[in-house]
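I have placed the structure first, in the form of structure tokens, so that the comments after it can refer back to it.
Laboratory data are not the source of any read-out in this text; all were calculated from the coordinates shown. Source: prediction; values computed, not measured. Note that each Cβ is placed from the backbone with ideal geometry, even for glycine, and that neighbours are counted across all protein chains shown.
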Amino acid sequence: MRLRLLAGVLSLLFLAVLVGAWHLATLPKGAAAAADSEYAKLVGAQAAVGAKSAFPTPADLGRKLAEHVSDPFYDRGPNDKGIGVQLGYSVARVLLGFLLAALVAVPCGFLIGMSPLVYRALDPFIQVLKPISPLAWMPLALFTLKDSNVSAIFVIFICSIWPMLINTAFGVAAVRREWLNVASTLEVSPLRKALVVILPAAAPTIMTGMRISIGIAWLVIVAAEMLVGGTGIGYFVWNEWNNLSIANILSGILAIGLVGMLLDFLFSRLQRAVTYTE
Amino acid sequence: MRLFSSCSCGNHASQAEHQKNEERLVEDAVLRAVVRRDLLSLLGRSAALAAVAAFFPLGAAKEAFAQGAGKLEKQKLKVGFIPITCATPIIMAHPMGFYAKHGLDVEVVKTAGWAVIRDKTLNKEYDAAHMLSPMPLAITLGSGATPVPYTMPAVENINGQAITLAIRHKERRDPKTWKGFKFAVPFDYSMHNYLLRYYVAEHGLDPDRDIQIRAVPPAEMVANLRADNIDGFLAPDPVNQRAVYDGVGFIHVLSKEIWDGHPCCAFAASKEFVTTMPNTYHALLKSIIAAAAYARRFENRKEIAAAIAPANYLNQPVTVVEQVLTGTFADGLGNVRKVPDRIDFDPFPWHSFAVWILTQMKRWGQLKGEVDYQKVAREVFLATDATRLMAEVGLTPPKSTSKSFSVMGRAFDPMKPKEYVDSFAIKRA
């Protein structure tokens, strides 16, 4: 308990130091010779004194965050939606792609894990496909699927499938021989054996794969949305990049981090629920 | 706004008057068709009308005429755009009601880059799109894309681009000193690419060997200039003005100083859209041409800047967009310049523009083999439709579809494209 409290205090201290240093680093410098007033009116405050536009201060970010939090769900047309709406789009895409991947990866993983022959035969494919950056699939997906939204979901699908597939195969292959032997002695049907013996035994490993997958999927969706635009938190960041609004980009980054943490937390809970001790 | 008080063709004081005039036209046409002239003068107009109305569905005829050429095949459309001022007519037609006035419900969708807009349009996610004027030519010829017959019924804007250099190059204004520079252009198939290549080549630099040119989406240009990843760019506005606004670059030359009156962006649609949905296509084209006609008038520019600057459209400070559209702008070197025709809007798709673009595609090796310049120009740049619709919205379309012009003092004869390509010392062809 004491440790927890101490850790909390230390965390806050780190945050304070970080924000303090940031604040000091972004303090406005003493103004140089200002340009004439007509010119100054036409350019940004920094350009008017012959400097490049500055990094936002913590206070700037605070104001932007307050703006986003106070009205997260507004909708002013197809290209201007609140940060909450954008996050909703991204989470929906990730979950959809992830679920599809799970539907494919878990049964395939079972098959691969139960048969050493299939395992060997498919291994080269998996090894080649696994390390490909999911974004490299994007042009191909756009070309063949002919829909940017479906392409984004496909990219999530393709990036979350590998950790789940490999972990499922590994978990299934590593089920203790004695348990399988007991099942055989009792003449349990193969389907029942898979569901009642292997699945619970491999569940913790499968869940680990899912947790890794959802993390990767969340990383990838931001990049994918920056690429195709339209909706989502990645588009939000891209749109604000377009506007060079660093404060808005930082708000977006913070939101991405928080949602990523939530997703991970959710899967760590699920993982704990299926873990067993022998 | 006075927009809504005037009529849809722009020739009458109000929509009501426009309608009355239109109805009268229909009545006259029907009378002329079904009643003999001598009978008409004998009966008088209203009596004849009453007689005709007894057996001819005059009301339906008037209604059909009011809806334009015919019923819209599709009312809800998606049009993609890149957030730059070139797209002004396509964008402003949404907040200022030009689409709605022509019976269309158009969603204008901001898109991340030119390759994406090309793919989304080819995939039919978009019904039509804002493109760079060389793109429909390239798509039709299958250069850098799967060949799909494409059309360009209207140019969006003329002029309105600039070469911007990083502020640290303030003293290096002579292009001869640019060896080793890294430049960004929005796309390989863009006027920006061809104009930049032309500009440096005229100053004796080979754009493929002496400098590096890379394609960077407009949105990312200022960030790259700021990070010193590039030395400059030939970019659409508001990118140039934004670089000045943020103190990272200065405007070296406006594109109008390279070629005054050059086309830049375009409104493009697939040939399939044009032929399978002729009425929708006409309504859409007419909205955009009407918007261009409105944008052409200098006194409307401030109002337009305020309409297209918000986050839903360009997502830029209003002053940046206003400086681009009004031509009174800070140049990044401490001067305020006044160039009213820095950007202008002229929808007419000159065939000679297409021929010039094709010569440059040929010059830099994007096109291989023989090109039938005139034929491709005619098929892609739909000048006939533009002529008719320009007249309908009160613009004066030109009589011919071809004109000669000069780029940096070098005359271009659209009838002699091959000789033109051969006349350059620096070329890949």
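Take every Cα-Cα distance within region B:120-177, group them into 5 Å bins from 0 onward, and report for each bin the whole-number percent of pairs it holds.
Pair shares across the bins are 4, 13, 19, 16, 9, 10, 10, 10, 8, 1.
What lysines does B:LYS170 reach when the alpha-carbon gap must be under 20 Å and sequence neighbours fewer than 8 apart in one chain are set aside?
Of all the lysines, those that pass the test against B:LYS170 - Cα under 20 Å, at least 8 places apart if same chain - are A:LYS52, B:LYS179, B:LYS182.
Which residue, B:MET415, B:GLY327, B:ALA309, has the largest displacement toward the positive end of the dipole of region B:287-429 when charges sit on each Cβ (Lys, Arg +1; Asp, Glu -1)?
Ranked along the dipole, the leading option is B:MET415.
Averaged over A:232-245, how many beta carbons belonging to a partner chain fall within 10 Å of each residue's beta carbon? Walk me through the intermediate numbers first.
Values: counts 0, 0, 1, 2, 0, 0, 6, 7, 3, 6, 17, 10, 12, 3.
That average works out to 5.
Under the definition of partner shielding as Cβ atoms of other protein chains within 10 Å of a residue Cβ, what is the mean value for peptide B:107-119? Kindly include the intermediate steps, with their values, before the conclusion.
Working: counts 3, 3, 6, 10, 5, 12, 4, 0, 3, 8, 1, 1, 8.
What the average comes to for B:107-119 is 5.
Please tell me the relative contact order of region B:308-429 in percent, rounded to the nearest whole number, where contacts are Cα pairs under 8 Å and at least six residues apart.
On the way: 116 pairs, mean separation 27.9, N = 122.
Normalised by residue count, the contact order of region B:308-429 is 23 percent.
Hey, got a sec? Which trypsin sites (Lys or Arg not before Pro) in region A:33-113 land in a DSSP loop and have at most 16 other Cβ atoms within 10 Å? It would help to have the intermediate numbers written out before the result.
Working: sites: A:LYS41, A:LYS52, A:ARG63, A:LYS64, A:ARG76, A:LYS81, A:ARG93; in loops: A:LYS52, A:ARG76.
Hits after loop and neighbour filter: A:LYS52, A:ARG76.
Summing -39500 (n - 2.57) over the DSSP H runs of n ≥ 4 in chain A and dividing by its residue number, what mean residue ellipticity at 222 nm do you reach, to the nearest 500 deg cm²/dmol?
On the way: 12 runs with 206 residues, N = 278.
Only helices count here, giving -25000 deg cm²/dmol.
How many times 2.2 N^0.38 Å is the alpha carbon radius of gyration of the protein assembly as shown?
On the way: Rg = 30.9 Å, N = 707, 2.2 N^0.38 = 26.6 Å.
The reported ratio for this selection is 1.16.
Arranged by the count of other C-beta atoms within 10 angstrom, fewest first, what order do B:CYS265, B:CYS86 take?
Values: B:CYS265 29, B:CYS86 33.
Fewest-to-most ranking of B:CYS265, B:CYS86: B:CYS265, B:CYS86.
Which whole-number percent is the relative contact order of region A:154-253 (Cα, under 8 Å, 6+ apart)? If you can, show how the numbers build up before the last one.
Working: 84 pairs, mean separation 30.2, N = 100.
Normalised by residue count, the contact order of region A:154-253 is 30 percent.
Which far-off residues, 5 or more places away or on another chain, put their amide H under 5 Å from the one on B:ARG214, with H placed in the peptide plane?
Amide H to amide H, under 5 Å and 5 or more residues apart or across chains, B:ARG214 pairs with B:PHE183, B:ALA184, B:VAL185.
With the convex hull built on the Cα atoms of region B:317-406, state its orientation-averaged projected area in nm².
On the way: hull surface 36.6 nm².
The number I arrive at for region B:317-406 is 9.1 nm².
Using the Cα atoms of region B:273-364, I'd like the radius of gyration and the largest Cα-Cα distance, Dmax, both in angstrom.
17.2, 53
For B:ASP228, project a label point 7 Å along Cα to C-beta. Then give me every residue of region B:154-184 with its amide nitrogen under 12 Å of that point.
Once the point is set 7 Å along Cα→Cβ of B:ASP228, B:167-169 turn out to lie under 12 Å by backbone N, inside region B:154-184.
Can you tally the net charge around A:ASN167? Count Lys and Arg as +1, Asp and Glu as -1, for every other residue whose Cβ sits under 14 Å from the Cβ of A:ASN167. Walk me through the intermediate numbers first.
Numbers: positive: A:LYS130, A:ARG211; negative: none.
Combined, the nearby Lys, Arg, Asp and Glu give +2.
Pick from A:ALA54, A:ALA203, A:ALA66 the residue whose mean-square fluctuation is largest in a GNM of chain A, springs joining Cα atoms under 10 Å.
The residue that fluctuates most here is A:ALA54.
If I take every Cα pair under 8 Å that is 6 or more residues apart in chain A, average their sequence separation and divide by the length, what percent do I get for the relative contact order? Walk me through the numbers before you get to the answer.
Working: 285 pairs, mean separation 54.7, N = 278.
It comes to 20 percent, rounded to a whole number.
Scan around B:PHE381 for amide H atoms under 5 Å from its own, H built in the peptide plane at 1.01 Å from N, and keep only partners 5 or more places away or cross-chain.
Amide H neighbours of B:PHE381, under 5 Å, 5+ apart: B:MET152.
For chain A, set up a Gaussian network in which alpha carbons nearer than 10 Å are linked by springs, and say which option among A:LEU103, A:LEU12, A:LEU191 fluctuates the most.
Of the options given, A:LEU12 has the highest mean-square fluctuation.
Give the longest segment of chain A that steers clear of chymotrypsin sites (Phe, Trp or Tyr not before Pro) in DSSP loops with at most 13 neighbouring Cβ atoms within 10 Å, not counting the sites themselves. Don't skip to the answer; put the middle values down first.
Numbers: sites that count: A:PHE73, A:TYR74, A:TYR276.
Result for the longest clean stretch: A:75-275.
Please report A:ILE198, A:ILE212 as a ranked list, fewest other C-beta atoms within 10 angstrom at the top and most at the bottom. Provide the component values of the computation, followed by the final result.
Details: A:ILE198 21, A:ILE212 18.
Exposure proxy ranking, most exposed first: A:ILE212, A:ILE198.
Only loop residues by DSSP count here, and only those with at most 10 other Cβ atoms within 10 Å; note down the GluC sites (Glu not before Pro) in region B:155-260 that meet that.
Working: sites: B:GLU156, B:GLU171, B:GLU202, B:GLU220, B:GLU257; in loops: B:GLU156, B:GLU171.
For GluC sites (Glu not before Pro) across region B:155-260 that sit outside H, G, I, E and B with at most 10 neighbouring Cβ atoms in 10 Å, the list reads B:GLU171.
Residue by residue, what Karplus-based ³J(HN,Hα) values in Hz, rounded to whole numbers, does region A:195-206 have, using 6.51, -1.76 and 1.60 with θ = phi - 60° and x for Gly and Pro?
With coefficients 6.51, -1.76 and 1.60, one gets 7, 9, 9, 6, 4, x, 5, 8, 3, x, 5, 4 Hz.
Sequence-distant or interchain residues sharing an amide H contact under 5 Å with B:ASN312, placed H: which?
Residues meeting the amide H criterion: none.
Within region B:144-176, list the trypsin sites (Lys or Arg not before Pro) lying in a DSSP loop whose Cβ has at most 15 other Cβ atoms in a 10 Å radius. It would help to have the intermediate numbers written out before the result.
Working: sites: B:ARG168, B:LYS170, B:ARG172, B:ARG173, B:LYS176; in loops: B:LYS170, B:ARG172, B:ARG173.
Hits after loop and neighbour filter: B:LYS170, B:ARG173.
Towards the positive end of the charge dipole of region B:218-275, with charges on Cβ (+1 Lys, Arg; -1 Asp, Glu), say which of B:ALA223, B:VAL248, B:PRO238 has the farthest Cα.
Result: B:PRO238, furthest along the dipole toward the positive end.
Less than 29 Å apart at the alpha-carbon level, and either on another chain or at least 8 residues along: which lysines does that give for B:LYS78?
Excluding near neighbours in sequence, the set is A:LYS81, A:LYS146, B:LYS101, B:LYS110, B:LYS120, B:LYS124, B:LYS271, B:LYS286, B:LYS302.
Per-residue Cβ counts within 10 Å, from other chains only, averaged over B:120-127: what number is that?
3
As a footprinting exposure proxy, order A:ASP264, B:ASP127, B:ASP105 by other Cβ within 10 Å, with the fewest listed first.
Numbers: A:ASP264 15, B:ASP127 22, B:ASP105 11.
The order, fewest Cβ neighbours first, is B:ASP105, A:ASP264, B:ASP127.
Would you work out the charge dipole size for region B:362-410 about its Cα centre, treating the Cβ of every Lys and Arg as +1 and the Cβ of every Asp and Glu as -1, and quote it to the nearest 20 debye?
On the way: 9 positive and 5 negative charges, 60 e Å.
Using only the charged Cβ atoms, the result is roughly 280 debye.
Once phi is turned into ³J(HN,Hα) by the Karplus curve 6.51 cos²θ - 1.76 cosθ + 1.60 with θ = phi - 60°, what whole-Hz value does each residue of region B:304-317 show in order, with x for glycine and proline?
For region B:304-317, the Karplus curve yields 5, 4, 5, 6, 9, 6, x, 4, 5, 10, 7, 6, 9, x Hz.
Using packing as a proxy for protection, rank B:387-400, B:298-311, B:233-246 so that the peptide with the highest average count of other Cβ atoms within 10 Å comes first.
Details: B:387-400: 15.3, B:298-311: 18.1, B:233-246: 29.6.
Going from most to least packed, we get B:233-246, B:298-311, B:387-400.
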